[in-house]
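The values are calculated or read from the model by the stated rules, or taken from the named source; none is laboratory data. Note that the coordinates shown come from a computational prediction; the quantities given were computed from them, not determined experimentally. All Cβ positions, glycine included, derive from the backbone under ideal geometry; neighbour counts span all protein chains shown. In case anyone asks, the SASA skips ligands and DNA or RNA and just uses the protein heavy atoms, side chains included. Shrake-Rupley method; radii C 1.70, N 1.55, O 1.52, S 1.80 Å.
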Amino acid sequence: GASGLEPLAWSEDHRVSVSTARSIAVLEQLSDVHSGGQDMVIHRTAVPAPANACLLKVGPKKEVAECKEKFASSVDPTVSQTFMLDRVFNPEGKSLTPMRGFKYSSWSPLGCDANGRCLLAALTMDNRLTIHANLNRLQWVQLVDLTELYGERLYEASYKLCKADTPCGELGDFPEFQRRHSMQTPVRMEWSGICTTQQVKHNNECRDVGSVLLAVLFENGNIAVWQFQLPFLGTESITSCNTIESGISSPSVLSWWEYEHNNRKMSGLIVGSAYGPVKILPVNLKAVKGYFTLRQPVVLWQEMDQLPVHSIKCIPLYHPYQKCSCSLVVAARGPYVFWCLLLISKAGLNVHNSHVTGLHSLPIVSMTADKQNGTVYTCSSDGKVRQLIPIFTDVALKFEHQLIKLSEVFGSVRTHGIAVSPCGAYLAVVTTEGMANGLHPVNKNYQVQFVTLKTFEEAAAQLLESSVQNLFRQVDLTDLVRWKILKDKHIPQFLQEALDKKIESCGSTYFWRFKLFLLRILYQSMQKAPSEAMWRPSHEDAKILISDSPGMGSTEDDQEEGTSKQASKQSLCDTGKGVDIDDTAEDSLHQSSDTGGREPMEEKLLEIQAQIEAVEMHLTREHMKRVLGEVYLHTWITENTSIPTRGVCDFLMSDDGYDDRTARVLIGHILKKMNKQTFPEHCSLCKEILPFTDRRQAVCSNGHIWLRCFLTYQSCQSLVYRRCLLHDSIARHPTPEDPEWIKRLLQGPCTFCDSPVF
């Protein structure tokens, strides 16, 4: 079952992590262009819980064992019982139940791992904090164990945070034993945004280096801020670790405060306590240029009113009346939502705060926020979810709230956690059965359910006006559009017209990719679902002689294709949005009609296929121009690059219908540089020349076929290569001899669907 404080978290790259007693289940939402099913498509992986218990390093092993023995057999019950019952000291438990499962998980921003995706920080029940990456789509790899590293640092510093500290006591004193544990027992951890710094190389060249911070809040109120260089690969990527003393007793929750004012980025850490107070602490980082923090801590709420702070979210917004950026901090305190609006003006930092009451009759168990429009969602365990929409007033703001009753969607349920998708299209909810006829259920079945929060029209409008201009980063929105087209079997007129207008007015390749996505989904919706599973053996005509059946080869191909499709569908976990019953009736109509009735359908499919080809061709040409631009910028006269430059130039100029002045000028300059040399590619098997006639593959005169890399148009002549997430196209691996600019091209996403490449 679900475990931990907030069991659900939704990453920027559309993966939902669910903390359970055995592992963290990771559900990745895919907007699959190759399947015609209307259900949500989910790819499932898991981060297993470590097999052995985590023991915090508080001193030399032998001494620790002796002290434990001494405390366990102490005649003073305040020592022996406190020691025996504290699970931080006894994670393996012996007579107590083992501490299995995860307490909390947190996703980094996009662009942190080697594939440019999100990292997962996981905290186990027995206080082990680790960072994991999913590098090959199927398995998760542990990159670093921060609990172990921090324990080593404390051990080397003799458990003193700064040199001026008084010398620490003996481990044999119980208070000292407790102190050494509480200073390294993590409560929560949160990632900052990515900060970019400039590094000067030996040859005086500047290069941008990205780094990200991970703040870890400990039981004693200290905060360790780890700085990692990107991409994060493991221990070697750790730049520094600084410890801040918050002075907050019994800390319960942590969040980053990030604010942009006059192009200056400011940040700090918001810490909440189990006793009620909330404050922002300055974070001093000398190594990061253009980074500012507060002069002193700012108290947002100081009453010790015993309402524990359960969750904090910080949302950057624009204040329409004050005409400046501001940040909204919301915290769940018991059944109430505490909010605080922070504005920086000439007078300094303005703080407005208040509580929203009357939302829930039980304490809030989970809170999530849509960062794009500031909408906050809270839920209590009785299946009631509240949507709070901030509305600005002249000075501060007020909240409009409405109730979302999950019982109307799923029947009687108990809720354990919620998370909203990055663009606000879906709400994921962890539920178990609620009470039936006044009785609790005998067994608990934990389920992750998805609720749509936006209509198709809202999703389409958001995609058209998107500032991100990347389909992969808006999978939750494209999924709603996909569902609508598969259901209605046509692209709505308003969307078609608006998209054509966008393509005419600005010509950004994003809108062409969006158009390609719509056409591919339309093509899938027109495909007739096979009436029977293709892998099932047919019993009727089992005794046909092979020599008598001329069409044998083709049926075998069909069957093979059917099997692979069926298998891939089997491995995906579907969460239903309700399948329409009318479609099957429509299908049976198609089947019952004669071949005459089927022809217009086939013509329509061919027409859509031609449109898809045309859009793919346009996107290919645009990317070819980009590749040629890179070649022109980075080559000397008559220098051979591994990119088939001459082939790409000829391919672009071969179509008489294609007249692009920039392409003509660029090609003219490149050919002048190449000075009549062609530098063709050669087949590695027979050394024949590989002509450039097709963007997808290269075929030599002896018939050897090599696939082409879609990022650089080189032929992939090794047997290992990468594929994009939706299996759209293939790309080669970078090699050590590749220059920096080719490596940069190879880091790009898919040119058709914006997906990362593995």
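If we keep just the residues of the range 500-526 that are small (Gly, Ala, Ser) and assigned to a helix (DSSP H, G or I), which is farthest from Ala610 (Cα to Cα)? Here the answer is Ser505. Going through the range 182-210 one residue at a time, which ones are under 29 Å from His310 (Cα atoms) and either in contact with a helix residue (DSSP H, G or I) (Cβ under 6 Å, 6 or more places away or on another chain) or free of Cβ contacts under 8 Å to residues at least 12 places away in the same chain (or both)? Result: Gln184, single match. Here the range 602-634 is the region considered, the condition is being closer than 19 Å to Asp656 by Cβ and of a type in the set (A, V, I, L, M, F, W, C), and the residue that is surrounded by the most Cβ atoms within 10 Å (Cβ to Cβ) is Met624. Give me the residue from the range 372-395 that is of a type in the set (Ser, Thr, Tyr), in contact with a Lys or Arg (Cβ under 8 Å, 6 or more places away or on another chain) and at pLDDT 95 or above and, out of that set, surrounded by the fewest Cβ atoms within 10 Å (Cβ to Cβ). Of everything passing the filter in the range 372-395, Tyr377 is surrounded by the fewest Cβ atoms within 10 Å (Cβ to Cβ). Scanning the range 155-190 for residues that are in contact with a strand residue (DSSP E or B) (Cβ under 9 Å, 6 or more places away or on another chain) and buried (at least 20 other Cβ atoms within 10 Å of the Cβ) yields a count of 7. Selection within the range 32-62: residues that are touching a Gly at 6+ places or on another chain (Cβ under 8 Å) and of a type in the set (D, E, K, R). The member of this set that is least open to solvent (accessible area, probe 1.4 Å) is Asp39.
Has the range 687-706 got at least one residue that is of a type outside the set (Asp, Glu), part of a loop (DSSP other than H, G, I, E, B), in contact with an Asp or Glu (Cβ under 6 Å, 6 or more places away or on another chain) and open to solvent by less than 50 Å² (accessible area, probe 1.4 Å)? Yes, because at least one residue in the range 687-706 is of a type outside the set (Asp, Glu), part of a loop (DSSP other than H, G, I, E, B), in contact with an Asp or Glu (Cβ under 6 Å, 6 or more places away or on another chain) and open to solvent by less than 50 Å² (accessible area, probe 1.4 Å). Among the residues making up the range 396-430, those that are surrounded by fewer than 22 Cβ atoms within 10 Å (Cβ to Cβ), outside any loop (DSSP other than H, G, I, E, B) and among the polar types (S, T, N, Q) are Gln402, Ser407. Of all residues being open to solvent by less than 60 Å² (accessible area, probe 1.4 Å) and among the charged types (D, E, K, R) in the range 707-728, which is modelled with the highest pLDDT? Just the residue, please. Restricting to residues being open to solvent by less than 60 Å² (accessible area, probe 1.4 Å) and among the charged types (D, E, K, R), the top hit is Arg708. Quick one: in the range 309-366, which of the residues that are farther than 26 Å from Val430 by Cβ and basic (Lys, Arg) is most open to solvent (accessible area, probe 1.4 Å)? If we take residues in the range 309-366 being farther than 26 Å from Val430 by Cβ and basic (Lys, Arg), then Lys346 is most open to solvent (accessible area, probe 1.4 Å). So Ala461 clears everything in (1) touching a helix residue (DSSP H, G or I) at 6+ places or on another chain (Cβ under 7 Å); (2) assigned to a helix (DSSP H, G or I) except one condition, right? Which one? Condition (1) is where Ala461 drops out.
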